[in-house]
Amino acid sequence: MNQFTILFLHNNINKAKTIADSISLSTSIKFIFANSGIEALSDIIEEDIRLIIVHEKLSHKMSGIEVCELLMKKKETRHIPIIFLQDQQECISECTNIKRYLPFDIPFNALQNEIQDQYNILNNTLSILEGTHLTLSIINRIQAPIFIIKHEKISFANQYFLNFFKLDTIEDFSKHYSNITDIFQEDINIGNSSLIHWLKELLSTSKSQEIVMKNLDNDSLYLKIQGDVLEHSNEYLFISHDISSEKAHDKEIQRLYNLDPLTKLPNRLKLISDLVDNQDLALAILDIDDFKLINDFYGHLIGDFIIYEVSKRMSHYISHENLTLYRLPSDSFAILNMANIEKEYFEIIIISLIQIVSKTPFIYKDKDKDIEIQVNLSAGLVFESKVPLAHADIALREAKKAHKDYIIYHPNMRQENNNKNNLEWIQKIKIALTNDKIVPYFQPIVDNKTKKTIKYECLVRLINEENEVISPYFFLDIAKHAKLYEPITKIMIKKSFQTFSNSHYEFSINLSIEDITDYNLFDYIKSMLNIYPLANRVCFELLETEKIEDYQVISDFVNEVRDLGCKVSIDDFGSGYSNFSHLLNLNFDYLKIDASLIKDIHKDTNKQIIVKTIVTFAQELGIKTIGEFVESKEIYDYITKIGITYSQGYYFSPPVETIT
């Protein structure tokens, strides 16, 4: 600290100077003198005052305590500590910025000690910042919480920190929060350590940790913090980054993911989440019979009306049973027995629900006439299944096939047919591999500003013995189970490299979590890059999926291929398992927004909110965005307007056999 300036207010300046001259202090400590409050305020404006000594009797109108109260009210002076000198030991009103009340006839060495203490406090607080020449006023302008811990208490905090706790000074803070543990949420993950020990552990690592603070209003402040030890002291400095907005983004996206926009019921993603820890609970899937005919005959407006009214009727009936109703895609609903009622009673409820929905037609009021629509339901039930959603769906299909109101799943149901279908596809895949009939098709990706094709996505196709082009939807999952997936991936990589070695376009190749965790495949990619030097034009698209358990594996792969000069994209972002923290931790070049969010975005408000949030977040990180399933001019115009960088979809071109 270059200079520690003390303002000494006394009605007799000569006496004040005598006192100052009698005190032995550091050469960096300087006194200036004033005999009135008006003169003192002028000096404070002109000088960088660090401590004020005030005698209770001053010249002119203001007393010493009135000057202190005025200094406390002014934002620019309220942080300056004050030593107050009294002639007599009488009670006077307290002022929070007064650090010490001392009798005027106190020995000079006692006053000297008080001044030295205040000097040491400020010197220690600012020592960590001397290298960058920051002043206290600059620290208070930093838009991030900075605080110092000493003896398990906050001894210093900047204005950002204090603003969150809705307090003006560190003294106010100390009155409300006596111990550091008072400001952290109880569920903080610190293991078996004490909180202060956990904070001190941060000092031994360069990595930041997440922590949550709370104020008396139970507001939460999410922080990433790092610490350091102040030199020659037992104080610990913590500089933090406020990540509350990022957490709020995640929370809002998660809420929108889990909500059906039409019925306001929890959706399929929420059902899947609820089933994770409740697989053995009873589940029913209910489906509106011949809903496509209703949609086609009456139109989507009335179709949506039926979905909404059916959900209302079912919700009303089961509300007293403490069951949970979900809206599934299209015309399906699910009911989960979270109340854990008896199987027989749950079955009776589903039977009654089917009858209640079908008993009374739904009336749609269309201008001057009423449209009466009869609705019937079919249901599939399952009890104590490890994959309840899949098994309930199988039971529903069997109920529809048998024209029954409902069927309860049985383990042998349709298993033989499934096995036969799987074996047939395994044979088709083997024949295609033998005859070199696994091929890439190419779908252009268009720059939204210029409408020009700038790259292609390489998509796998199987050509069967009848020379038909088969989508991966029919064979890729079976190939994974049959251990035929790896050769398909290698064929796609090789043929894509061969194709684009004669072109100037960039191109992308899809990789699954199975590919990324196969270390042999990375060696194969390097060998292909040695043969075809296309690293600057190839992009690997990684699918965002719930199967990813260890993101360190993903991080390592991303860093390795980027070191080779390749680009990396995250595919299907927004498909239901996306996490914004992955974008912060993984170094992606592109973010491909899932087709489910782009489809109908121009007329779906919830999708618009989600996609705008994703685009804004990506732009902040410098990641380019790609919209999938751009099927119309309306979709293209809208996603261009909100700042999505590229488009891909049938509005421009389906996947094609050759590039142009």
Report summary line: Within region 370-381, restricting to residues that are in a strand (DSSP E or B) and in contact with a helix residue (DSSP H, G or I) (Cβ under 8 Å, 6 or more places away or on another chain), the one that is nearest to Met314 (Cα to Cα) is Leu377
Report task. Take region 327-350 and flag every residue that is under 29 Å from the mean Cα position of the chain (by Cα) and small (Gly, Ala, Ser). Result -> Ser330, Ala334
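Look at Lys455 and say whether it is closer than 30 Å to Ile626 by Cβ and assigned to a loop (DSSP other than H, G, I, E, B).
Working: closer than 30 Å to Ile626 by Cβ: yes; assigned to a loop (DSSP other than H, G, I, E, B): no.
No.
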Query raised in the report: Among the residues of region 33-46, how many are open to solvent by 30 Å² or more (accessible area, probe 1.4 Å), out of contact with any helix residue (DSSP H, G or I) (no Cβ under 6 Å at 6 or more places or on another chain) and either modelled with pLDDT of 85 or more or hydrophobic (A, V, I, L, M, F, W, C) (or both)?
Result: 3
Requested in this report: Determine the pairs where a residue that is buried (at least 17 other Cβ atoms within 10 Å of the Cβ), located within region 270-283, has a partner that is assigned to a loop (DSSP other than H, G, I, E, B) with Cβ atoms under 6 Å apart, the partner being 6 or more residues away or on another chain.
Outcome: Lys270/Asn258; Leu281/Asn337; Ala282/Asn337; Ala282/Phe383
Report summary line: The residue from Cys91, Cys68 that alone is at pLDDT below 75 and either closer than 21 Å to Asp172 by Cα or open to solvent by 40 Å² or more (accessible area, probe 1.4 Å) (or both) is Cys91
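Find the strands (runs of 3 or more DSSP E) located wholly in region 1-69 whose residues include 3 or more that are in contact with a Lys or Arg (Cβ under 8 Å, 6 or more places away or on another chain), and list them. Working first, answer last.
On the way: elements: 4-9, 29-34, 49-55.
Filter on region 1-69 gives 4-9.
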Requested in this report: Sort through Phe540, Phe522 and tell me the only one that's at pLDDT 85 or above, surrounded by 14 or more Cβ atoms within 10 Å (Cβ to Cβ), out of contact with any strand residue (DSSP E or B) (no Cβ under 9 Å at 6 or more places or on another chain) and among the aromatic types (Phe, Trp, Tyr).
Outcome: Phe522
Report summary line: Of (1) open to solvent by 50 Å² or more (accessible area, probe 1.4 Å); (2) under 24 Å from Lys494 (Cα atoms); (3) not hydrophobic (A, V, I, L, M, F, W, C), Lys455 fails just (1)
**Report entry** When residues of region 641-660 are limited to those that are open to solvent by 70 Å² or more (accessible area, probe 1.4 Å) and within 18 Å of Lys452 (Cβ to Cβ), the one farthest from the chain's Cα centre (by Cα)
**Finding:** Thr660
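Checking the structure you have, find out if any residue of region 160-177 is open to solvent by 50 Å² or more (accessible area, probe 1.4 Å), touching an Asp or Glu at 6+ places or on another chain (Cβ under 9 Å) and at pLDDT below 85. Break it down stepwise before answering.
Kept after step one, since they are open to solvent by 50 Å² or more (accessible area, probe 1.4 Å), are these residues of region 160-177: 160, 163, 166, 168, 171, 174-176.
Adding the requirement that they be touching an Asp or Glu at 6+ places or on another chain (Cβ under 9 Å) leaves 160, 166, 176.
Still in the running and at pLDDT below 85: 176.
Yes: region 160-177 contains one or more residues that are open to solvent by 50 Å² or more (accessible area, probe 1.4 Å), touching an Asp or Glu at 6+ places or on another chain (Cβ under 9 Å) and at pLDDT below 85.
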Query raised in the report: What is the number of the single condition among (1) of a type in the set (A, V, I, L, M); (2) in contact with a strand residue (DSSP E or B) (Cβ under 8 Å, 6 or more places away or on another chain); (3) open to solvent by less than 80 Å² (accessible area, probe 1.4 Å) that Ala339 does not meet?
Result: (2)
Report task. Given the conditions (1) in a helix (DSSP H, G or I); (2) under 25 Å from Tyr409 (Cα atoms), report the number of the one that Gln254 does not fulfil. Result -> (2)
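The values are calculated or read from the model by the stated rules, or taken from the named source; none is laboratory data. Remember, it's a predicted structure, so these values are computed and weren't measured experimentally. Please note: Cβ atoms are built from the backbone with ideal geometry, for glycine as well, and neighbour counts cover all protein chains shown. Areas reflect the complete protein model, heavy atoms only, side chains present, ligands, DNA and RNA absent. Shrake-Rupley method; radii C 1.70, N 1.55, O 1.52, S 1.80 Å.
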